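What follows is one structure encoded as structure tokens, with my remarks underneath.
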Amino acid sequence: MPNVLDIAPLRALARRAAAKIRDQKVAARFEKLAIGALLKDENNFRAANAIELEYAEEWAQRAAARGEAVAVFKLQRSVSTKLHAVARRLAETCRMAAMDESARPHDAAVITAAREFLAKMDRMNFAFVAARTQRYARLLAAWEDQREIEECCTRRVIDATQGRTWHRVTSVAELRLIGREFHNCLARTTRVSAAYGGGLYNGVSQFWVLRSAQGDGLIVAMATAPLATRFAEVRGPNNATIYSDHPDLTRLAHALGMRPGSPPPPPPMSGAALALAARQFCQCLRCMPPPNEGFLRVSLHRRAAPL
């Protein structure tokens, strides 16, 4: 371990990566392993310069006087990326270990092995943890891909206008394909996402895609489920804005049993508008002052005079 002037940035990097792991015990073990791995790699440090040594603590100045190397931690993007990647894979390993093996009897041995691996992390080095978690993360991704192709709801088609049709999205995998077609964030959703894919899989959201007679995607709509009471989000390709009075959207809302909501209240008037309204007087016949009869008689006389 080199003589490091300030180890706080190194610890902060390990702590930020460990924050991805929900299990506090596993996160603490990972943080300890990550700090040890960072300290062992000489590429993570550079020699302290004269100014840094001048303002360093006494122990560092004495070490430099003895001819010992005094180093400063330097943050490298590649090291940070690797650290966060291992933390994510370790978090996925924790999710695998938390699974009920009775629900996956054919994979019970793998789930048990993941639990034993987490229990023995104190005896392992960082390189071994990085390699083993990569294996568990790939297995979990394969399992979730199998779940995400399963249909979460019944397929349904609703006729729209001009030969267009609404199609209900029935799986997370299909929702991702629609996201790629529409070039939006649905392309990255998963079964465990807080929104979109997670809502579809858990039955709290329903998705509909409007297609033309040629099969082109025109609108994707997200509504509440199991009872459709409102549209949470409606977008076109490339996140284009779709207005609520679109005839095809209105037809879908009617087919899903949505009731039209009350119109929104008018926006509040600005201070300038209120002041202008206060200065204007009523112009009805009761409030208007009586006309000047002499002026009216002269005006009529002038208008009736010959040219």
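The values are calculated or read from the model by the stated rules, or taken from the named source; none is laboratory data. Small disclaimer: the values here were computed from a predicted structure and weren't measured. Counting neighbours? That spans all protein chains shown, and the Cβs are built from the backbone with ideal geometry, glycine included.
Annotations for the structure displayed:
- Search result, residues across segment 153-172 that are crowded, with 18+ Cβ neighbours inside 10 Å and either of a type in the set (S, T, N, Q) or at pLDDT below 95 (or both): 170, 171, 172
- Qualifying position, being in contact with a His (Cβ under 6 Å, 6 or more places away or on another chain), touching a residue at least 60 places away in the same chain (Cβ under 8 Å), outside any strand (DSSP E or B) and under 30 Å from residue 96 (Cα atoms), among 17, 34: 17
- Residues in segment 218-252 that are aliphatic (A, V, I, L, M) and more than 24 Å from residue 185 (Cα to Cα): 1 in all.
- Applying the set (1) among the aliphatic types (A, V, I, L, M); (2) in contact (Cβ under 8 Å) with a residue 60 or more places away in the chain; (3) surrounded by fewer than 19 Cβ atoms within 10 Å (Cβ to Cβ) to residue 83 leaves exactly one unmet item: (3).
- Sole exception among (1) crowded, with 19+ Cβ neighbours inside 10 Å; (2) out of contact with any Pro (no Cβ under 7 Å at 6 or more places or on another chain) for residue 45, by number: (2)
- Residue within segment 124-137 that is at pLDDT below 90 and out of contact with any strand residue (DSSP E or B) (no Cβ under 7 Å at 6 or more places or on another chain) present: no
- Enumeration of residues in segment 206-227 that are of a type in the set (A, V, I, L, M, F, W, C) and surrounded by fewer than 17 Cβ atoms within 10 Å (Cβ to Cβ): 213, 227
- Note on segment 39-84: residues that are in a helix (DSSP H, G or I) and charged (D, E, K, R) amount to 8.
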